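The values are calculated or read from the model by the stated rules, or taken from the named source; none is laboratory data. Predicted, not measured: the structure shown is a model, and the values here were computed from it. All Cβ positions, even for glycine, are placed from backbone atoms using ideal geometry, and neighbour counts span all protein chains on display.
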Amino acid sequence: MSSLGEAIRNIILRALPSLSEEIQQKLVSTLESSGVECVDDLKYVQQEDIKELLPVIQQRKLLEQFKLTTSITLNIQASPIDLSSSSPVSSVSSASTTSLSTLSSPTSSCSLSSLHDQSSAGSASILKSWPETFQVPWDKMPQEIQTAISNGTRPAPDKRRQMVRILADEVRKYEANPTRSQCHIICQNITRQYPKTFADMTSSGDVIAGGFTSLLSQNTDREHQSLQLSKIQ
């Protein structure tokens, strides 16, 4: 196995330590044949690229690890950044130690000059706001929601409302009173990732106004109701 393949395999094992060697090799082969030339390229991998090899939840875990690893790569090689004041994004710093072996590999960066350019742009351009890195807890969602995602179908209205309640509870772990713009980013990311399941569409399948308006409305209504209840209590 090439040095790049070994680096990818190590990242896979951090996310899915019990994954069989056969699936590991298939994943590495699939990623390399898809055009991954260095560890930093893993941030471009999407769910559809690995959907034939892993169950939905394992796909989520692996993609999250890819994003975490490439984020650490940029933070360490571009400039020292203190993440201790960032919450809950500060959890990234705890994973940096386990990623040093990957970062020391020559395959960890496609272009040192690219990293230099990112460094000169400042840490603000590297660290994203929490809504942009927010991970939806799909494993906590109703089974009907997970099935709808897998099949590309629309969930029942009551299950969608239940999903919104869970989503709102998770968002409040990051921000007690999230703004509409923060909710906007989260809902937009959800509908972009699963348009067939959550996006607003016409009967002919055309996306309406970005596709996230109804989900955003449901989420902000839920947040407003929760805020009012907290004031009463």
Worksheet item: Can you find even one residue in the range 3-14 that is at pLDDT 90 or above, out of contact with any strand residue (DSSP E or B) (no Cβ under 8 Å at 6 or more places or on another chain), of a type in the set (Ser, Thr, Tyr) and more than 30 Å from Gln143 (Cβ to Cβ)?
Response: no
Fill in: Residue check, Gln218 loosely packed, with under 12 Cβ neighbours inside 10 Å, out of contact with any His (no Cβ under 6 Å at 6 or more places or on another chain) and modelled with pLDDT under 80
no
Worksheet item: Residues in the range 151-159: is at least one under 24 Å from Gln59 (Cα atoms), at pLDDT 90 or above and in a helix (DSSP H, G or I)?
Response: yes
Worksheet item: What number of residues within the range 168-207 satisfy the criterion of being small (Gly, Ala, Ser) and over 17 Å from Gly152 (Cα atoms)?
Response: 3
Practice prompt. Just give me the residues in the range 172-214 being surrounded by fewer than 15 Cβ atoms within 10 Å (Cβ to Cβ) and on the phi > 0 side of the Ramachandran plot, in sequence order.
Written response: Gly205, Ala209, Gly210
Worksheet item: Restricting attention to the range 200-210, does a residue exist that is touching a residue at least 12 places away in the same chain (Cβ under 8 Å) and part of a helix (DSSP H, G or I)?
Response: no
Discussion item. Residues to consider are Val39, Val28, Val45; find the one that is modelled with pLDDT under 90 and either surrounded by 15 or more Cβ atoms within 10 Å (Cβ to Cβ) or over 27 Å from Asn189 (Cα atoms) (or both).
Written reply: Val39
Discussion item. Kindly evaluate Glu170 against the criterion of being free of Cβ contacts under 8 Å to residues at least 40 places away in the same chain and either under 21 Å from Gln146 (Cα atoms) or assigned to a loop (DSSP other than H, G, I, E, B) (or both).
Written reply: yes
Item to complete: Would you mind stating whether Ile185 is in contact with an Asp or Glu (Cβ under 7 Å, 6 or more places away or on another chain), in contact (Cβ under 8 Å) with a residue 12 or more places away in the chain and in a helix (DSSP H, G or I)?
Response: yes
Response to the item:
Taking first residues from the range 118-146 that are more than 18 Å from Pro178 (Cβ to Cβ) and second residues anywhere that are at pLDDT 85 or above and part of a loop (DSSP other than H, G, I, E, B), the pairs with Cβ under 6 Å that are 6 or more apart or on different chains are Glu144/Pro155; Ile145/Pro155
Worksheet item: Has the range 88-95 got at least one residue that is outside any helix (DSSP H, G or I), polar (S, T, N, Q), exposed (fewer than 13 other Cβ atoms within 10 Å of the Cβ) and modelled with pLDDT of 50 or more?
Response: no
